[in-house]
Each structure stands twice: as structure tokens, then as C-alpha cells.
Amino acid sequence: MKVRAMVYLPLLLLVTLLLMTACSQPVLTQSTSGPVVTESGKYLSSSALAQQLALAIGGNLDIQTAFLAIPERQRESVTADQFQRYVLLLRKGVPGRISSLVAMNDNQIETVRQQVLDRLPGQQELVARTIGFWLNIRDSGIIGDRIELYCQVDEEGIAYLDGIWINQILRLDDFTNLYFDAIDRQDMDSLSELLRHSIPDDLARQAIARQLVWFYRNQVETDTSGFRLQTIRIDGLSFAEKLLTSIGSNNTLTRTIELIPRADGTFLVDDLLPSVLNVTDTDIIYEEDPILRIGGDTNSALVTLYSVPFEAITGKSVLHDDSTCTLLENGKSLIRLRYEGLEITVEGDCYNNHSRWRGRVLSARLTSDTFYLGSGLRVGMPASSLYARYPFISVGDKVAIGEMESGEVALSAEIDNGFVTALRLLMQDA
């Protein structure tokens with residue numbers, strides 16, 4: 001990212017790395033008079049091995065000196081070049097001064113192991129050998145205050161740096177560099193290709209590539225303090241970003257992205273942007289006139305419908321009986337109605353043995369071009385037209401969300417062979 005019985009070293013040691021302020025560069029000193037070794041006196045303990053990494057990451061020990069100070073058995077599968085690249089990568093996650101190195105407890109490392117195996121189930125043996133430490137950071141002034149460090153323990157209880165673990169992280173770093181370089185150069189073709197395994201739909205991928213380039217140039221703080229490598233593991237590299245302006249309905253000024261390896265050697269990019277639903281698209285139109293609205297003022301005749309005038313336009317529901325009308329605890333009824341080209345769910349009241357109803361529309365699903373949204377989005381249109389307005393709506397369960405008068409409304413779409421086959425509006429609290 002071998003099955004044999006293993007002996008784990010207790011992870012009870014807390015190694016405090018004191019900072020010396022005499023130099024302009026933060027200096028780490030060990031809390032002991034020398035490296036902590038195993039009982040044999042030949043090898044570094046797991047904490048001392050992690051400490052060598054920390055000293056190199058903090059710049060207090062030359063990288064090659066740190067490498068040579070590690071006994072060969074504890075680094076035999078890692079080259080000097082790989083070690084240097086790995087340390088330089090870890091430095092990207094340490095924007096401030098290193099204050100301490102703390103062993104992960106049993107619960108923390110078991111959580112990490114399970115997270116890795118969820119993504120890379122073929123790495124059971126490597127993951128079982130892995131132990132972790134927290135490298136705490138002080139005075140960073142930005143997102144986060146610690147990163148993770150890992151090493152492995154062999155069947156004899158000797159800690160070591162595993163070349164498979166480090167090499168897979170370096171492969172992730174290579175992919176990451178290609179990804180951000182394509183964004184920086186505004187190379188849409190290269191960026192689209194790098195997103196291929198994350199977004200299979202060609203049209204969606206092209207629209208998303210354009211949106212990402214615009215977003216990074218206009219809304220991400222590019223200063224070092226605003227962009228930080230946060231997680232460095234074989235199952236993914238994650239970055240915390242500061243934004244110039246808030247995005248989405250939660251008005252946040254930070255976001256996290258992740259680049260994830262797959263067992264087949266390809267990579268996924270979790271760099272999704274929220275799609276903000278335009279209020280225009282909460283209106284459903286029939287023959288150029290709005291007939292209902294999702295999420296608007298409940299006093300509006302487009303939000304709280306009466307069956308008689310509504311069905312004068314749409315015709316009678318295909319079915320409305322006890323099977324489609326459920327009594328709720330609040331005394332209202334949840335009514336599911338299907339018309340030609342339109343399905344709606346209403347919370348309200350049902351009268352005269354299901355012959356009439358009134359209530360607030362909680363959701364609507366458009367299945368033909370008889371009805372369409374306020375901006376003109378409709379069933380049967382090319383998916384590229386939908387992606388031009390909402391690029392990320394096609395990715396997984398991604399939706400466009402808007403904050404309307406009576407709550408959040410989400411728009412989702414169903415796509416088949418490059419065309420929109422259904423559009424759905426849903427009150428998020430429904």
C-alpha cells in the first residue's frame with residue numbers, strides 16, 4: 001500500500017520533543033540523552049524510530065543523517081531517495097513548530113487499521129503490522145494541529161519502515177502533483193483524464209474540470225497557510241483548504257479534499273464542490289406557467305396546493321386510495337400522487353374518501369418533458385445542458401441544494417445514455 005504471529009510493543013511511551021528557540025528554525029531535542037533502543041541494544045524502539053522521522057521533518061536533523069542513524073534492518077526495504085521524498089512530503093503537513101510526539105492508543109490505531117482496510121482490503125498483513133504516532137504542532141496558525149506518523153513492527157517486535165507503505169504513499173503523491181499541476185496550468189484535457197476513474201461520464205467530467213479550474217483560481221487561498229496536507233496514509237492523502245469566500249449552504253470558509261488509491265492501482269479524487277440550487281429551479285412549469293413550487297412560502301398557492309384547481313391542469317391522479325395516503329402522528333396525511341409525467345408527495349389533508357386533498361408539496365419527480373423546471377431544465381434534454389448549470393450533480397449521490405423560504409431543497413437527476421431521464425426536487429427535512 002507476510003501472515004505470521006506478531007509481537008507488539010506497548011504503546012505507552014510519550015516522547016516529548018522540546019523546542020529550542022535559540023535558532024531561527026525550530027529545533028527539536030530528544031527527551032532522553034540518546035536514542036531509545038530495544039533490550040538488545042542493536043535497534044531503535046518504535047518511539048525512537050518515529051522520533052528520528054520527527055527530527056528530520058522538523059528540520060532539526062539532516063534527512064540523510066536521520067536515514068543513516070536508523071539501523072539497516074529497520075529501513076532495508078526503503079531507499080535513501082524514498083526516505084528523503086517521504087520526509088519532504090510529511091513536512092508539507094507541518095506548517096508550525098513541532099511540540100511533541102505521542103503514541104496512538106489501541107483504539108486509535110485500530111480505527112486507522114479498519115479505515116485503511118475498508119479501502120484496501122488486500123493489505124491486511126501490512127496494516128496489522130502498522131503502529132501510529134501523533135506529531136503535534138504548535139503555533140501553526142492554520143487548519144489542524146497534528147499529523148499522523150506510522151511505522152511497522154515485525155514478528156520479532158522490531159520496529160521498521162516498510163517500503164511498501166512508503167512507496168504507495170509516494171505513488172499517491174505523484175498522482176496528487178499531476179492533479180494540482182493540471183489545475184494550475186488550466187489543462188482541461190489532462191485534468192479530465194485524471195478524473196476519469198472518479199467521474200466516468202465524459203460530459204460531466206469535462207464540465208467538472210472547467211468548474212474546478214475556475215474554483216481554484218477564484219475561491220481557494222493559495223498562500224501556504226491556506227493549503228495544508230492533513231492526512232498521509234496509504235489509503236489517501238487529504239488536504240485542508242481555506243477559501244476566500246464561503247460556498248454551499250453552510251457558509252463555511254474551509255473544505256477538505258482527498259485523493260484515494262484503489263486496489264487496481266488507479267486513483268479517485270474526492271474534490272467535489274457543492275452545487276447551489278437556483279431558486280428558479282424550485283418552480284415546476286406546465287405550458288409556460290408555474291403550477292407548483294418546492295420550498296417556498298407555505299402561504300403561496302404554488303406551495304400549498306388544492307387538488308381541484310391543480311388537477312384541472314394535470315388531470316386526476318393515477319391512484320389515490322388508502323395505499324397512497326398514510327396518516328401521520330401529527331394528524332396530517334402523507335399523500336403520494338402520480339400523474340402523467342409527474343409524481344408528487346404532499347403533506348396535508350385528504351377529504352371525501354380520497355376524492356379531494358390539500359397540502360404542502362414535499363417532493364416532486366418529473367418523468368417527461370410535459371413539465372420542466374423554471375430555468376428550462378427538463379427530461380429528455382442532453383445531460384451536458386444539465387452539467388453546464390450543475391456540474392457536480394452527476395457524481396454519486398451528489399445533489400444541488402438551495403436554502404429556500406421554508407427550508408433546504410435538493411435537486412437530483414437520473415441520467416441514461418447521455419440524456420436526462422428524471423428530475424427530482426425534495427425538501428431536505430421531508
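The values are calculated or read from the model by the stated rules, or taken from the named source; none is laboratory data. If you're wondering where the values come from, they're calculated on a predicted model, not measured in any experiment. Positions of Cβ are generated from backbone atoms using ideal geometry, with glycine treated the same way; all protein chains shown enter the neighbour counts.
Numerical summary
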{"item": "Lone unmet requirement of (1) part of a loop (DSSP other than H, G, I, E, B); (2) touching a helix residue (DSSP H, G or I) at 6+ places or on another chain (Cβ under 9 Å) for Phe180", "result": "(1)"}
{"item": "Residue that is farthest from Ile291 (Cα to Cα), among those in the stretch 327-357 that are aromatic (Phe, Trp, Tyr) and surrounded by 13 or more Cβ atoms within 10 Å (Cβ to Cβ)", "result": "Trp357"}
{"item": "Enumeration of residues in the stretch 225-241 that are out of contact with any strand residue (DSSP E or B) (no Cβ under 6 Å at 6 or more places or on another chain) and over 25 Å from Gly132 (Cβ atoms)", "result": "Ser225"}
{"item": "Qualifying positions in the stretch 189-235 - closer than 27 Å to Arg119 by Cα, among the polar types (S, T, N, Q) and assigned to a loop (DSSP other than H, G, I, E, B)", "result": "Ser198"}
{"item": "Per-region count, the stretch 346-391, residues over 20 Å from Val279 (Cα atoms), among the hydroxyl-bearing types (Ser, Thr, Tyr) and either out of contact with any Asp or Glu (no Cβ under 8 Å at 6 or more places or on another chain) or at pLDDT below 90 (or both)", "result": "3"}
{"item": "Matching residues, the stretch 97-123, being of a type in the set (A, V, I, L, M, F, W, C) and either surrounded by fewer than 17 Cβ atoms within 10 Å (Cβ to Cβ) or part of a helix (DSSP H, G or I) (or both)", "result": "Ile109, Val112, Val116, Leu117"}
{"item": "Meets criteria (over 30 Å from Gly132 (Cβ atoms) and either loosely packed, with under 14 Cβ neighbours inside 10 Å or not acidic (Asp, Glu) (or both)) for Ile294", "result": "yes"}
{"item": "From the options Asn60, Asn107, residue that is polar (S, T, N, Q) and touching a strand residue (DSSP E or B) at 6+ places or on another chain (Cβ under 6 Å)", "result": "Asn60"}
{"item": "Qualifying strands (runs of 3 or more DSSP E) (wholly inside the stretch 236-306; at least 1 residues being under 30 Å from Leu89 (Cα atoms))", "result": "236-247, 252-261, 267-270"}
{"item": "Residue ID - nearest to the chain's Cα centre (by Cα), chosen from residues in the stretch 392-430 that are over 13 Å from Asn278 (Cβ atoms), outside any strand (DSSP E or B) and among the aliphatic types (A, V, I, L, M)", "result": "Val395"}
{"item": "Flag if Asp270 is closer than 30 Å to Gly380 by Cα and surrounded by fewer than 17 Cβ atoms within 10 Å (Cβ to Cβ)", "result": "yes"}
{"item": "Flag if Glu329 is among the charged types (D, E, K, R) and either assigned to a strand (DSSP E or B) or at pLDDT 90 or above (or both)", "result": "no"}
